[in-house]
Amino acid sequence: MMKSDTQNASALSRRSFLKSIGGSSVGLALGGGLGLAACTPKSSTQNFSGDYSAMAQQNYPFYGAHQAGIVTPAQRAIYFLVLDLHTQDIEEIKAVFKQWTESAAKLTRGENIQPYGDNPFVPPVDTGEADGLGAYGLTLTFGVSPAFLQKLGLSAHAPSEFVDLPLFPRDQIKPEFSGGDICIQSCADDPQTAFHAVRQLVRQARSSVTMKWSQSGFNAFDHSQHTPRNLFGFKDGTANQETLKNADQHVWVNTPNWLAGGSYLVVRKIQTHLETWDRTSLKGQEETFGRIRHSGAPMGAQAEFDHADIQSKDANGNPVIPDNSHMGLAKKTGLQILRRSFSFSSGIDLTTGQFDAGLLFISFQKSPAQFIALQSAFGRMDRMNEYITHTGSGLFACFGGVQEGAYIGQALLENQRTG
Ligand code: HEM
């Protein structure tokens with residue numbers, strides 16, 4: 001008897017399917033015509049050797065000392081989802097987090113969360129859009145908000161700095177892009193893989209959580225560039241290299257114990273006014289950031305990673321890097337954060353008739369105070385303010401890494417090691 005399609009598929013995991021039809025031929029078939037280039041050491045596809053199969057088979061283990069998706073090199077695509085709790089029963093949430101842990105481990109290996117069954121009269125266990133695809137460097141990073149702790153009666157375990165972000169000057173935060181209890185940051189080198197992963201996790205938890213807001217986004221890497229360019233055409237993420245030299249100081253949290261090895265995630269949905277930007281002179285654009293557009297070098301320097309000297313003056317005694325430039329203001333705080341942002345374009349803004357596009361700004365830091373001080377320094381001063389509006393916001397505590405056998409958030413939910 002011939003096997004049904006469902007039965008054939010059930011015999012193959014996503015990865016084995018990829019292998020069974022030959023990694024390199026998959027690469028040729030998919031890579032042909034799309035013109036994707038080999039990548040540089042900063043991208044997650046650093047070993048990408050010119051075909052898609054290497055990129056498809058890249059995977060980052062879910063289990064480890066830290067959650068993946070924080071210091072992991074940024075991938076090409078993100079699907080960021082914020083969820084609300086639909087229950088205040090902590091046992092129910094423990095069950096969800098256990099299931100998510102198992103599922104995330106499989107998805108990040110490039111597997112579906114369950115093998116297909118044989119019964120064609122029930123819906124398939126997996127939604128199917130990632131069949132035949134690899135892991136594509138998928139990372140799934142979980143965080144919870146101050147409201148999550150409140151709703152589950154865990155507020156006593158919240159560090160004093162873990163409170164909602166204040167309103168900053170010029171903020172136009174919309175309720176539909178803020179708040180929420182849980183965030184899942186899904187990043188991969190393929191947008192469908194990132195979306196598929198989140199979709200499966202939501203299906204599993206349907207009766208315990210509801211979706212609040214989400215945003216997808218993209219990054220692009222080419223042959224020679226270490227750093228992706230944002231929609232203003234500037235390299236974005238250059239200073240991360242410095243932050244990563246001392247992640248213990250700038251990124252990883254030590255206390256309380258339930259958050260040890262984790263990090264605070266700030267997300268800001270930032271609309272960029274591209275039409276206004278496009279009418280700005282190149283000189284004006286470079287003075288906005290304090291960097292040279294083509295090379296990414298600090299003004300007054302030669303190359304992207306050269307030292308940015310905010311003290312140096314030109315022949316007329318004016319600062320070479322303008323005081324009110326984005327970088328000038330950030331440098332003056334002396335603070336460092338890890339930025340892991342993605343551009344987005346979501347159609348047309350119906351009120352202005354312009355692109356609804358911008359930056360899904362995501363940063364990881366040891367303390368929310370780092371972000372608050374930086375954003376306050378930008379305040380009304382930052383030259384970039386003319387070109388942007390913050391419309392979404394969130395603060396989440398991303399747990400430390402999970403060891404095999406344990407589950408995400410266990411130390412908080414079981415209240416064993418709370419400091
Ligand atoms: C649409 C919004 C934004 C855009 C387009 C943008 C773009 C940039 C660019 C092009 C750079 C210089 C290159 C680099 O080091 O990456 C930069 C640096 C930086 N940005 Fe932003 N940024 C945005 C929002 C923010 C926000 C909201 C924060 C935090 C509150 C922030 C914090 C920083 C920091 C800390 C640096 C590094 C400064 C240094 O030490 O050199 N940025 N940004």
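Residues that are more than 9 Å from the ligand (Cβ to nearest atom), over 19 Å from the mean Cα position of the chain (by Cα) and of a type in the set (Gly, Ala, Ser) number at least 1 in the following strands (runs of 3 or more DSSP E) confined to segment 310-407: 342-348. Among the residues making up segment 286-295, a single one is surrounded by fewer than 22 Cβ atoms within 10 Å (Cβ to Cβ) and near the ligand (Cβ under 10 Å from one of its atoms): 293. Across segment 231-264, what is the total count of residues that are surrounded by 19 or more Cβ atoms within 10 Å (Cβ to Cβ), under 30 Å from residue 277 (Cα atoms) and polar (S, T, N, Q)? The number of residues fulfilling the criteria is 3. The residue that is surrounded by the fewest Cβ atoms within 10 Å (Cβ to Cβ), among those in segment 324-354 that are touching a His at 6+ places or on another chain (Cβ under 9 Å) and touching a residue at least 12 places away in the same chain (Cβ under 8 Å), is 354. For segment 252-268, a residue qualifies if it is closer than 22 Å to residue 219 by Cα and β-branched (Val, Ile, Thr), and the qualifying residues are 266, 267.
Scanning segment 129-164 for residues that are farther than 16 Å from residue 259 by Cα, in contact with a strand residue (DSSP E or B) (Cβ under 7 Å, 6 or more places away or on another chain) and not in a strand (DSSP E or B) yields 136, 137, 138, 151, 164. Annotation for segment 408-419: no member residue is part of a strand (DSSP E or B) and under 17 Å from residue 82 (Cβ atoms).
Quick note: the coordinates plus some simple rules give every number you see, no bench work behind them. Since this is a predicted model, take the numbers as computed values, not measurements. Note that we place each Cβ from the backbone using ideal geometry, even for glycine, and neighbour counts take in every protein chain shown.
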